[in-house]
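Heads up, the thing below is written out as C-alpha cells.
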Amino acid sequence: MKMKKTVLASIVLASALLGDNIGAVKEKLQQKLVNTKIDHIEVSAQFPSLYEIHAGPNVFFTNDEVSHLMIGHVFDMNGTDLTQAKIAPKIQEFQKRAMEEQAKEEARAKAKWVEAKKTIDLTKALKIGKGKHEVVVFSNTECHWCRKSEELLKGGDMTKYVFLTTNMAPQMSRPKSVHILCAKDPAKEYDKVMRGELDGKALVSCEKGERRVDGMMKEAAKLGGFGTPLFFIDNQVVNGANPIIKDLVK
C-alpha cells in the first residue's frame with residue numbers, strides 16, 4: 001500500500017511539474033511546427049508524463065523535451081474512443097467554419113462574375129432560339145455536367161448565348177467547338193455534340209470556326225477563373241448543372 005501511495009505521489013508530482021512547463025513546451029512546439037496553430041496544451045489525463053496538444057480538429061501528444069510526437073486516438077479498455085469525444089465538437093466547428101468560408105467565397109465569385117458579365121460581348125456567342133429568358137452559358141463539349149445541363153434546358157422559353165470554352169480537354173473540345181461553328185446550322189450541330197452523337201466521329205474544320213472559338217475564349221477570360229457550365233439566367237448566376245435551371249427558364 002505504501003508503495004502504491006509513493007507511485008501515485010510521484011505521478012501527481014510529475015504532472016504538476018509538467019503543468020509548470022506548458023508555456024515553454026508550447027513555445028518549442030510552435031517553433032518546430034511553424035505551419036500549425038496550437039490552440040491548447042494540457043497535461044494528458046491518460047498519459048501523465050505527456051502533453052496533449054489541440055490544433056484545430058486534431059489532437060496529438062509530445063514529451064517534455066518536445067523531441068517526439070505521438071499521433072492517434074486513445075481508447076480505454078472498454079473500447080471507448082476518448083479522443084473522439086474531445087475532438088467531435090471541434091470537427092463540427094471546423095466543418096461549419098469551412099462551409100461558411102466556402103459560401104462567402106462563392107458569393108464573392110458570383111459578384112465578380114456578375115460585374116464581369118456586363119463587359120461580355122454577346123455577339124461573339126452562338127445564339128440559339130428566341131425566348132423571354134436570356135441565358136448566357138459558358139460551356140465545354142467534353143464536360144459531363146455541361147451535357148447534363150443541356151437536358152435541363154430542354155423546352156425552356158429562352159434566348160441562349162453559348163460560349164464554347166476549350167480549357168478542359170482541348171485536344172477534343174477545340175475541334176468539336178470549331179466543327180460546330182463551321183456548320184451550316186451551328187445550333188443543330190451543337191445539340192448533336194452535346195448529346196454525344198459526334199464523339200469519335202470525323203469533324204469539319206474551317207478558319208471562320210477557329211476565329212470564333214478564339215473570340216469566345218477571349219470573352220470567357222474576362223470572367224477570370226470558373227468551372228463549366230457557368231450560367232447567367234436573366235443575370236442570376238448558376239454554377240454547375242443545378243436542377244434550378246429548369247425552373248428558371250420556364
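The values are calculated or read from the model by the stated rules, or taken from the named source; none is laboratory data. From a predicted model like this one, the values you see are computed outputs, not experimental measurements. Neighbour counts run over all protein chains shown; Cβ positions are idealised from the backbone, glycine included.
Taken over the range 168-190, the criterion of being closer than 10 Å to Leu203 by Cβ and in contact with a Cys (Cβ under 8 Å, 6 or more places away or on another chain) is satisfied by Val178, Cys182. Scanning the range 79-124 for residues that are among the β-branched types (Val, Ile, Thr), part of a helix (DSSP H, G or I) and surrounded by 13 or more Cβ atoms within 10 Å (Cβ to Cβ) yields Thr83, Ile87, Ile91, Val114. Condition (residue is at negative phi and either outside the structural domain of Gly156 (by TED's automatic domain parsing) or assigned to a helix (DSSP H, G or I) (or both)) applied to the range 125-140: is it met by at least one residue? The answer is no; no qualifying residue exists. When Asp39 is tested against (1) at pLDDT 90 or above; (2) in contact with a Lys or Arg (Cβ under 9 Å, 6 or more places away or on another chain), exactly one condition is not met: (1). Filtering the range 224-231 for residues that are within 27 Å of Glu115 (Cβ to Cβ), surrounded by fewer than 22 Cβ atoms within 10 Å (Cβ to Cβ), in the same structural domain as Leu122 (by TED's automatic domain parsing) and modelled with pLDDT of 95 or more leaves an empty set.
Considering Cys206, Cys182, the condition of being surrounded by 14 or more Cβ atoms within 10 Å (Cβ to Cβ) and at pLDDT 95 or above is satisfied by Cys182 alone. Is it the case that Glu115 is farther than 20 Å from Gly209 by Cα and either in contact with a strand residue (DSSP E or B) (Cβ under 7 Å, 6 or more places away or on another chain) or without any contact (Cβ under 8 Å) to a residue 24 or more places away in the chain (or both)? Yes: the conditions hold for Glu115. Kindly indicate the residue of the range 27-61 that is in a helix (DSSP H, G or I) and in contact (Cβ under 8 Å) with a residue 24 or more places away in the chain and also surrounded by the fewest Cβ atoms within 10 Å (Cβ to Cβ) among those meeting that condition. Result: Lys32.
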